[in-house]
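Worksheet for the structure shown next.
The values are calculated or read from the model by the stated rules, or taken from the named source; none is laboratory data. Quantities reported herein were computed from a predicted structural model and do not represent experimental measurements. Methodologically, a virtual Cβ is constructed for each residue, glycine included, from the backbone with ideal geometry; neighbour enumeration extends over all protein chains shown. We work out accessible area using only protein heavy atoms, side chains counted, and drop any ligands, DNA or RNA first. Shrake-Rupley method; radii C 1.70, N 1.55, O 1.52, S 1.80 Å.
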Amino acid sequence: MLPQFERICVIDFEFIADPGQRPKPICLVSYEINSGELNKIWLEGKDPLTLRPPYPMNQTDLYIAYYSSAEWGCYLSLNWPLPDNVIDLYPEFRVLTNGRPGISKGLLGACHLFGVDAISESEKEVARTRIMQGPPYTDKEKEEILTYCASDVLETADLFKKMLPYLDIPRALIRGQYMETIAIMEYNGIPIDTETLQRLKANWTPIQEKLILEIDKDYGVYEGTTFKTLKFEQYLSNNGISWPRTEKGNLELKDETFKDMAVLHPQLQGLRDLRYILGQFRLSELPLGHDNRNRCLLSPFATKTGRNAPSTSKFIFGPAVWLRSLIKPEKGKVLAYIDYSQQEFFIAAVLSSDAGMQEAYNSGDPYLAFAKQAGAVPKEATKETHKAARDCFKQCVLGVQYGMGKESLALRIGKSPAYASELLHHHRRVYKQYWAWCDHVLNSTLLFKRITTCYGWQYHVIGQDKKEARTIINFPSQATGAEILRVACIMLVEHGIKIIAPIHDAILIECDEEEAEKTITEAQKIMGDASEIVLGPGNRIRTETDIIKYPDRYSDPIRGADTWAKIMAILEGIEAEKTGNQDIPVGIPQ
C-alpha cells in the first residue's frame, strides 16, 4: 500500500475546544496501517513540554485523518512539528461526492457510503459531551474516552483502505497540506479591540435604540423599532432605485438582497447594517480567546467550489461590515489585508483563452476597458470622466460571472431590461471566445456529469436547470480561485509568513512593525507566484494591499466606515450621559 511511504499512520485527538480558545488535547490514538501497531496516549494533566509524538516524524511517513485541521491544531498546542505528508479524507470525500444530494459530509456519512462499520451518532455524542465537560476524569472515563477515540481511528483506517482506489494522491497531498495551514490560521486568530467590544456590549440596547433614530433619519422607514415595507417602497421610489421582488410581487427583503443592492447603491449600506444589527446579529456570538483573538472553524472545502465557509456570526469577517473595525493590531504589530484584484475576471480570461478579456485585465481597469472595447466610451475615457458608464459595464461583468440575466442586471444597474440586454449583447460580441468556452464547459459538464479544476476539485451534476447551468458556468473561475488561494496559503506558511485569516480571495497577515515592508512585499510576490503556478507561466493576478498599523484599526471606507463612526459617536454620547461629562461630544459626525 503506497510503497513510497515507509509508514502510514492514522491519528485522532480528543480535545476541549472552548469558543475562541486554542484546543486543549485530552488524548491521542494512532494506528500504523502496515504494522497494525495501535497506540493510546492520555495527554490531559501532563506537562506539554514533556510530551512527544508516539511515532516517528519522518519525511517518508504519511499521516491520515478525517477533518485533520483539528489534529494539527492539537499539534500546535503541544508545540509538535507538523507532518510533511498528509491525506485528509474529508476533502477527498468531498471531491468524490460534491454536488450529490443527501450525503453527510462527516466521518459517519463517509463510512456509511463506503460500507465501513462505525459507532452511532448517539454514541459519539455521549462521548463528546463528557469530553467537553472537562477534567477531572475517572480512570474508567479515561479508558472509555480512549476506546472511543480508537474507534474513530480504526474507522478512519478502514475508510482510507476503501477510498484508496479513488484517491488522486499528488493532489490529495496538496489538500492535506492546506488543512495544516487552516489549523495554523485558526491557531493564530485575529486580534480584536476587546476594550471597545466590551463597551459596545455594555451599551448595546441603547445603542440600537439610538441607531434607529440616527440612521433611519436618512431613510424614514421605521416606526419605533419596526421596519415598514410601505415606507421603504416609498424611499426606493423617491430615490429612483429599482428593487428585486418575489414571485408574488413583494419587495425581496432578505439580507443577501440588501447586501447586493448596497454594492450598487452605497447609500443603502447604513440601512442594511441597521437591519442586520436589529435582526439576527448578537455581539456575544463573536468567540474570543483569552489572548483577545477571534477564533472559529474556518470550514475549508465547505462550498461547491471548494472555498472556505466560516460561520457568518462567529467569524469577524462574517457579520456586518462595520464590525470589522474591531480588528486592531497589537502594539508593535502590523496587519496587511492582501486581496487578489479582479481575480475571477482574469481566471475566466485565461481559462477561455479570450485575448480581449486578457487585454482588458492587463489595462489595469477591466471594466472601463470593456466599455472602450464595446465602443460605449471614447478611448481617452477615464474612471472619473465616465464613472456612470464604467459602473454599468462593471455590473455587467460581475453579473455575467454569476450567470445573471437581463432582468436581474437591470435591477442591479437601475436601468431598463432593454438597456441591460444591450450590455449583455456587448459582452457576447466583444468576448466571443469566452462565450464559446462557456458553451463548451456547460455541454461537456452535462455530458460527463462532472466538472473538475486542474488541481482535481470536482463538482458532480445530477440534473439540469437554469440554476445548475449558472453553477456550472461559474464553477471554473470560482473553484480555480479557491485553488490559487490554497496554494498561496501553503507557500506563505512555507516562507514563514504569519497568516491569520483567509477571506474569499484575500488573506490577512500579521508581522512585526520593523519587518512589515519586507514581509508584505514578499507576501504579495508569493500570492502572484501562486496564481502563476495554477494558471500557467505569465498568467499573474495583481494584488491590492490595505496596511493597518498600530494604533489604527481595520476600516472599509466604502461599506463600513460610516456606520462604525455613527455607532462610536452614539456610544460616546451614551457614556457621556452616564458620567455626566459634558466635554465628551454627543451626536453623529457629519
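Structure notes:
Matching residues to (1) open to solvent by 50 Å² or more (accessible area, probe 1.4 Å); (2) in a helix (DSSP H, G or I); (3) of a type in the set (K, R); (4) modelled with pLDDT of 95 or more:
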| residue | (1), (2), (3), (4) |
| --- | --- |
| A348 | no, yes, no, yes |
| Y361 | no, yes, no, yes |
| A371 | no, yes, no, yes |
| K394 | yes, yes, yes, no |
| G403 | no, no, no, no |
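- Qualifying residue in the stretch 447-454 (condition: farther than 22 Å from R171 by Cβ and open to solvent by 10 Å² or more (accessible area, probe 1.4 Å)): yes
- Consider the stretch 550-577 and keep the residues that are touching a residue at least 24 places away in the same chain (Cβ under 8 Å) and acidic (D, E). The one that is most open to solvent (accessible area, probe 1.4 Å) is D562.
- Failed item, numbered, when Y434 is tested on (1) more than 26 Å from C392 (Cβ to Cβ); (2) under 29 Å from the mean Cα position of the chain (by Cα): (1)
- Taking the criterion of being in a loop (DSSP other than H, G, I, E, B), open to solvent by 60 Å² or more (accessible area, probe 1.4 Å) and either within 18 Å of K142 (Cβ to Cβ) or touching a Ser or Thr at 6+ places or on another chain (Cβ under 9 Å) (or both), the residues of the stretch 1-48 that qualify are Q4, E6, R22, G45, K46, D47.
- Helices (runs of 4 or more DSSP H) wholly inside the stretch 128-213 containing at least 3 residues that are open to solvent by less than 30 Å² (accessible area, probe 1.4 Å) and among the aliphatic types (A, V, I, L, M): 139-163, 169-188
- Residue within the stretch 305-322 that is crowded, with 20+ Cβ neighbours inside 10 Å and part of a helix (DSSP H, G or I) present: yes
- Just one of (1) more than 30 Å from C489 (Cα to Cα); (2) surrounded by fewer than 17 Cβ atoms within 10 Å (Cβ to Cβ); (3) not hydroxyl-bearing (S, T, Y) fails for K259. It is (1).
- Among the residues of the stretch 84-110, those that are open to solvent by 10 Å² or more (accessible area, probe 1.4 Å), of a type outside the set (V, I, T) and in a loop (DSSP other than H, G, I, E, B) comprise D84, N85, G99, R100, P101, G102, S104, K105, G106.
- Residue match in the stretch 242-257 (condition: in contact (Cβ under 8 Å) with a residue 12 or more places away in the chain, under 21 Å from M404 (Cα atoms) and under 20 Å from the mean Cα position of the chain (by Cα)): yes
- Contacts under 7 angstrom Cβ, first residue in the stretch 1-29 being within 11 Å of M132 (Cβ to Cβ), partner hydroxyl-bearing (S, T, Y) and open to solvent by 20 Å² or more (accessible area, probe 1.4 Å), 6 or more apart: K24/S77
- The residues listed here are G45, G102; of these, the one that is of a type in the set (G, A, S), under 30 Å from F475 (Cβ atoms) and over 22 Å from the mean Cα position of the chain (by Cα) is G102.
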